[in-house]
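As structure tokens, the structure follows; a few thoughts come after it.
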Amino acid sequence: MKPRLNERWQALSLREKTGLQAALLLLLSALVWLVFLKPSLAAWQNHAKEWTALEQQRQQMAALQSQAQALQKRTPLSREEALKSLQALTRSAMPSAQVAAQNERVSVSFKAASATVLASWLQSARENAQVRVVDAQWQRTPEGLWEGAMVLKLPSRNAQP
């Protein structure tokens, strides 16, 4: 087959040989572009977006790390101190809320609370009263406010959160 191709090649005119070589070079260039250069160029163009996303993730992880370290360093509250703190926080943030303590758990029922008030109260309760949410049942009212109940766990009696 090789001798036949060689004979056929020799039979072609210079113009045909040049045209075939140009077509082969064009195909080879397209192949190199598609296989090697295009993916590399796309990666190069996207690296700035990926770098920004990774930097945001790193900053978020650093913030979470500092928050975890702050939580580890805080002084544990006794059950009574946590309950008093939770009641004071609830009275100031959601005056109409009902707080009922039962052993290590506290039930909090609330009505007509905005999302921002509820979120800041919950964050303050977790940080200042050192409670953990065990169960939560919330519903959104037609007015866009929230109502429901939560069961929170107080720190244990031996003052460990």
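Values quoted throughout were computed directly from the atomic coordinates according to the rules given, and no laboratory measurement underlies them. Given the structure is predicted, the values throughout are model-derived calculations rather than measurements. Don't worry about glycine lacking a Cβ; one is built from the backbone with ideal geometry, like all the others, and counts go over all protein chains shown.
Above 17 Å lies some portion of the pair distances; for segment 1-111, what is it as a whole percent of all C-alpha pairs?
Roughly 79 percent, rounded to a whole number.
Using +1 at the Cβ of each Lys and Arg and -1 at the Cβ of each Asp and Glu in the chain, identify which of P95, A112, Q72 lies farthest towards the dipole's positive end.
Toward the positive end, the furthest listed residue is Q72.
Computed over the Cα atoms, what is the radius of gyration of segment 55-161 divided by 2.2 N^0.38 Å, N being its residue count?
Dividing the Cα radius of gyration by 2.2 N^0.38 Å gives 1.16.
Give me the one-decimal nm value for the distance between modelled label points at K38 and L26, 7 Å along each residue's Cα-to-Cβ direction.
Each label point lies 7 Å from its Cα, and together they span 1.7 nm.
Could you sort the peptides 100-111, 46-57 by per-residue average Cβ neighbour count (10 Å cutoff), highest mean leading?
For the peptides 100-111, 46-57, the packing ranking is 100-111, 46-57.
Gain in length, M61 to S92, computed as 0.36 nm per residue apart minus the alpha-carbon separation, to one decimal in nm?
8.0 nm
Using a 10 Å cut-off on Cβ atoms, rank the peptides 123-129, 10-16, 134-140, 80-86 from the highest mean neighbour count down.
Going by the mean number of other Cβ atoms within 10 Å, highest first, we get 80-86, 123-129, 134-140, 10-16.
Take the eigenvalues of the Cα gyration tensor for segment 98-161, scale each by 5, and report the square roots as semi-axes in whole Å, largest first.
24, 12, 8
Pairs of Cα atoms under 8 Å, at least six residues apart: use those to get the relative contact order of the chain, whole percent.
21
When the helix-only estimate is applied to the chain (DSSP H runs of n ≥ 4, each -39,500 (n - 2.57), divided by the residue count), what is the mean residue ellipticity at 222 nm, nearest 500 deg cm²/dmol?
After summing the helix terms and dividing by the residues of the chain, the value is -20000 deg cm²/dmol.
Could you name the lysines in cross-link range of K38, using Cα to Cα under 27 Å and dropping any fewer than eight places away on the same chain?
Those lysines meeting the cut-off are K49.
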